[in-house]
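Student: Below is the structure I would like to discuss, written out as structure tokens.
Quick note: the coordinates plus some simple rules give every number you see, no bench work behind them. Keep in mind that this is a model prediction, so the values were computed, not measured. Heads up, the Cβs are rebuilt from the backbone with ideal geometry, glycines too, and the neighbour counts pull from every protein chain shown.
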Amino acid sequence: MSENKTITLIITRQDHPDEPSYEEKFEIPYRENMNVISALMEIRRNPVNADGKPTTPVYWDMGCLEEVCGACSMVINGTPRQSCTALVDQLEQPIRLAPMTTFPVNRDLAVDRSRMFDSLKKVKAWIPIDGTYDLGPGPKMPESKRQWAYELSKCMTCGVCLEACPNVNSKSDFIGPAPLSQVRLFNSHPTGEMNKSERLQTIMDEEGLMGCGNAQNCVQSCPKGIPLTTSIAALNRDTAIESFKSFFGSDQRV
Amino acid sequence: MAGTRGYVNRRLHSLLGVIPIGIFLIQHLTVNFFATRGPEAFNTAAHFMESLPYRYVLETFIIFLPLLFHAIYGVYIAFTAKSNLSNFGYFRNWMFIFQRITGIITLIFIAWHVWETRIAIGFGWAELNYQLMEGILTEPFFFWFYIVGVISTTFHFSNGLWSFFVSWGITVSPRSQKIMTYASIIIFLAISYVGVRTLIQFAYGI
């Protein structure tokens, strides 16, 4: 039996948003088919560190447990990813867990991703259809477009692309790849396209599209395989055309 | 609006790097390459450039002002990045960091180079001819300083050209970006050869 087999975890912990972080080591019994979350649950069940001292249970965020909600993202052995799909058998030991550095830490491995949701509000990542009467069905979307737009819609705001981006840091206000790709998604929708110009205008600054430095870590890191750099390049084209239109004037004003 | 200014600055930074600075770089390396045909050929080519009409206007608006803007804004861009190569050792991430490092090296090199040549000539401390560059480059330290400076400049231009094509939405698809990567490598090798070959001519007369 694998009674004596253990898993070693080194976890970067933080008790309070304003307190310094520290590392704590844990040894937990091995079970087959464990993921990082079941390992964390084991620590929660018996919160004793590797020195045999009782400690507070490690805190983390989780939701769907099937890599579609994005809540359980953390840095696992240096790579930002979802802890639900990080299988212990595939990880090098000791397993190092740390919170993503791009976001403020709430506690231990749980971070505050509010900035991403604020960015989605800023870029108007929705399709306005509310009104005082039924507008009827919208225009149809070509199937070929729907297929690539669907790929963009897989974004779960997990924050991995922001963590991977060298231009998203404490020295810059760059909103990161995720909300930019959402601009392309909603601009591709036949009804959403009616607000295309407005969305483009909101990302035409240093915090927006211009913050990209083409390091392309985002597209390599995205757990959903979203073509983030294609979205950014496509938006570069759209905003270049948009700025010509708005400066020289064409179809925006009489 | 500050936002609009940031957008225009970035667009301008990207544009000026290629037009006119990149074009000037290729022209400059090409004219200097005349040195490989001997001192007379270099002097004739250099004097032709020196005696262009409204030269100060050309120098100011094609070289100095664009270069100054690109350099100052570029330093700001370089220092707002935070390298994360240890965890993300991808090719483009390396290029991202090299672009920033070579930008800083190129700035130091060009500042020194302009001081030693154009400004010295302007003040009458030196005369524009083959012997000026020969005198500088026969010193081993400056020969290697120029080698590093020139290769850093050609890298910054070639890789910058790749970014330019992305930043203006010309290469959108991953495939076109990949082909542009190969093209930028060829451009880098070609103009590096032109630059380094000229330096060897000045330093060793071969």
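Student: Would you compute, from DSSP H runs of 4+ residues alone, the mean residue ellipticity of chain A at 222 nm, taking -39500 (n - 2.57) per run and dividing by the full residue count, rounded to the nearest 500?
Tutor: -9000 deg cm²/dmol
Student: Take the Cα atoms of the protein assembly as shown, build their convex hull, and give its volume per residue in Å³.
Tutor: So the per-residue hull volume is 223 Å³.
Student: Below 13 angstrom from the Cβ of A:Gln93, what's the summed charge of the other residues (Lys, Arg +1; Asp, Glu -1)?
Tutor: Values: positive: A:Lys5, A:Lys25, A:Arg96; negative: A:Glu27, A:Asp89, A:Glu92.
So the surrounding residues net to 0.
Student: Once whole DSSP H runs in chain B are found, which of them have Cα atoms spread over 24 Å or more along the helix axis and a mean Kyte-Doolittle score of at least -1.0?
Tutor: Values: long enough: B:2-18 (25 Å, -0.15); B:91-114 (33 Å, 1.13); B:140-167 (39 Å, 1.11); B:174-204 (44 Å, 0.85).
Both cut-offs are met by B:2-18, B:91-114, B:140-167, B:174-204.
Student: Also, I was wondering about something else. Ranked highest first by average number of other Cβ atoms within 10 Å, how do B:28-35, A:203-210, A:128-135 line up?
Tutor: Numbers: B:28-35: 18.4, A:203-210: 23.0, A:128-135: 7.6.
Order by mean packing, descending: A:203-210, B:28-35, A:128-135.
Student: Among B:Thr36, B:Trp125, A:Leu152, pick out the residue whose Cα is farthest towards the positive end of the charge dipole of the protein assembly as shown, where Lys and Arg carry +1 and Asp and Glu carry -1 on C-beta, about the Cα centre.
Tutor: A:Leu152
Student: Now, a different point. Pull up the cross-link candidates among the aspartates and glutamates for A:Lys53, meaning alpha carbon to alpha carbon under 19 Å and not fewer than 8 places away within one chain.
Tutor: A:Asp15, A:Glu23, A:Glu24, A:Glu27, A:Glu42, A:Asp108
Student: Please give the net charge around B:Trp168, taking every other residue with its beta carbon less than 14 angstrom from that of B:Trp168, where Lys and Arg add +1 and Asp and Glu add -1.
Tutor: Numbers: positive: A:Arg237, B:Arg10, B:Arg11; negative: A:Asp238, A:Glu242.
Net charge around B:Trp168: +1.
Student: By the gyration tensor of its Cα atoms, with a ≥ b ≥ c the square roots of the eigenvalues, what is the shape of segment A:6-111: rounded for a/c under 1.5, prolate for a/b over b/c, or oblate? All intermediate terms of the calculation are to be shown ahead of the outcome.
Tutor: Numbers: a/c = 1.57, a/b = 1.03, b/c = 1.53.
Oblate shape, in that a/c is at least 1.5 and b/c is the bigger or equal ratio.
Student: If one puts a single equal scatterer on every Cα of segment A:114-248 and applies the Debye formula without solvent, what log₁₀ I(q)/I(0) results at q = 0.09, 0.11, 0.12, 0.22 Å⁻¹?
Tutor: Computed log10 I(q)/I(0) values: -0.26, -0.39, -0.46, -1.41.
Student: Can you give me the long-range amide H partners of A:Arg13? Hydrogens built in the peptide plane at 1.01 Å from N, cutoff under 5 Å, separation of 5 or more residues or another chain.
Tutor: A:Tyr22, A:Glu23, A:Glu24
Student: Here is a follow-up. Give me the distance between the Cα centres of segment A:137-188 and segment B:6-46, rounded to whole Å.
Tutor: 39 Å
Student: Please report, for the Cα atoms of segment A:140-180, the Rg to one decimal and the Dmax as a whole number; what are they, in angstrom?
Tutor: 13.8, 43
Student: Given H placed 1.01 Å from N in the peptide plane, which residues other than close sequence neighbours of A:Asn35 have an amide H under 5 Å from its amide H?
Tutor: A:Val88
Student: Moving on. How about segment A:210-254: which chymotrypsin sites (Phe, Trp or Tyr not before Pro) there are in a DSSP loop, with at most 14 other Cβ atoms within 10 Å of their Cβ?
Tutor: For chymotrypsin sites (Phe, Trp or Tyr not before Pro) across segment A:210-254 that sit outside H, G, I, E and B with at most 14 neighbouring Cβ atoms in 10 Å, the list is empty.
Student: Of the residues B:Leu25, B:Leu65, B:Leu107, which exhibits the maximal mean-square fluctuation in a Gaussian network model of chain B defined by a 10 Å Cα contact cut-off?
Tutor: Highest fluctuation among the options: B:Leu65.
Student: For chain A, find the longest principal axis of its Cα atoms and tell me its angle to the long axis of helix A:177-188, 0 to 90°, nearest 10.
Tutor: In chain A, helix A:177-188 runs at an angle near 40 degrees to the longest axis.
Student: Let's test the formula: R0 of 22 Å, r as the Cβ-Cβ distance of B:Ile72 and A:Arg237. What FRET efficiency results, to the nearest 0.05?
Tutor: After rounding, the FRET efficiency stands at 0.20.
Student: Mind listing which chymotrypsin sites (Phe, Trp or Tyr not before Pro) in segment B:110-191 are in a DSSP loop and have 12 or fewer other Cβ atoms within 10 Å?
Tutor: Within segment B:110-191, the qualifying chymotrypsin sites (Phe, Trp or Tyr not before Pro) (loop, at most 12 other Cβ atoms within 10 Å) are B:Phe123, B:Trp125.
Student: Let me ask something else. Could you work out the equivalent-ellipsoid semi-axes for chain A, taking the square root of 5 times each eigenvalue of the Cα gyration tensor, largest first, in whole Å? Could you put the intermediate results ahead of the total?
Tutor: On the way: eigenvalues 353, 71, 48 Å².
Taking √(5λ) for each Cα gyration eigenvalue gives 42, 19, 16 Å.
Student: Another question, if that's okay. Mind listing the lone cysteines of chain A, meaning no other Cys beta-carbon sits under 4.7 Å from theirs?
Tutor: Unpaired cysteines in chain A: A:Cys72, A:Cys84, A:Cys155, A:Cys158, A:Cys165, A:Cys212, A:Cys222.
Student: Taking θ as phi - 60°, what are the ³J(HN,Hα) couplings along segment A:25-34 by the Karplus curve (6.51, -1.76, 1.60), each to the nearest whole Hz, with x for Gly and Pro?
Tutor: Listing the rounded values in order: 9, 10, 10, 10, x, 7, 10, 5, 6, 7 Hz.
Student: Now for a separate question. Between A:Thr6 and residues 5 or more places away or on another chain, which pairs have amide H atoms under 5 Å apart, with H built 1.01 Å from N, and which residues are they?
Tutor: Amide H neighbours of A:Thr6, under 5 Å, 5+ apart: A:Tyr30.
Student: At B:Gln27 and A:Asp118, where each label point lies 7 Å from the Cα along Cα→Cβ, what is the point-to-point distance in nanometres?
Tutor: Output for this residue pair reads 4.7 nm.
Student: Hey, another quick one. Tell me, what is a quarter of the convex hull surface for the C-alpha atoms of segment A:36-172, in nm² with one decimal?
Tutor: Working: hull surface 50.9 nm².
Quarter of the Cα hull surface area: 12.7 nm².
Student: List A:Ser153, A:Ser181, B:Ser51 from most exposed to least, where exposure is judged by having the fewest other Cβ atoms within 10 Å.
Tutor: The most exposed by this proxy come first: B:Ser51, A:Ser153, A:Ser181.
Student: Quick one: helix A:228-248 against the long Cα principal axis of chain A, what's the angle to the nearest 10°, folded into 0 to 90?
Tutor: Between the helix axis and the principal axis of chain A, the angle is about 30 degrees.
Student: Next up: Residues of B:173-180, mean number of Cβ from any other protein chain within 10 Å of their own Cβ, rounded to a whole number?
Tutor: Mean partner shielding for this stretch: 2.
Student: If eta is 1.306 mPa s and T is 10 °C, what Stokes-Einstein diffusion coefficient results for segment B:2-204, Kirkwood Rh from Cα pairs, in µm²/s?
Tutor: This corresponds to a translational diffusion coefficient of 87 µm²/s.
Student: Also: Treating the beta-carbon of each Lys and Arg as +1 and of each Asp and Glu as -1, no other charges, what is the dipole magnitude of the protein assembly as shown about its Cα centre, to the nearest 20 debye?
Tutor: On the way: 39 positive and 39 negative charges, 180 e Å.
Taking the Cα centre of the protein assembly as shown as origin, the dipole is about 860 debye.
Student: Among residues other than A:Glu207 whose Cβ falls under 10 Å from its Cβ, what is the net charge (Lys/Arg +1, Asp/Glu -1)?
Tutor: So the environment of A:Glu207 carries a net charge of -2.
Student: Roughly how large, in nm² to one decimal, is the mean projection of the convex hull of the alpha-carbon atoms in segment A:103-147?
Tutor: Working: hull surface 24.2 nm².
Averaged projected area of segment A:103-147's Cα convex hull equals 6.1 nm².
Student: Got a sec to turn the phi values of segment A:4-10 into Karplus ³J(HN,Hα) couplings, 6.51 cos²θ - 1.76 cosθ + 1.60 with θ = phi - 60°, whole Hz, x for Gly and Pro?
Tutor: Calculated HN-Hα couplings, in order: 8, 6, 10, 10, 9, 10, 10 Hz.
Student: Highest mean first, how do A:99-107, A:25-33 rank when packing is the count of other Cβ atoms within 10 Å averaged over residues?
Tutor: For the peptides A:99-107, A:25-33, the packing ranking is A:99-107, A:25-33.
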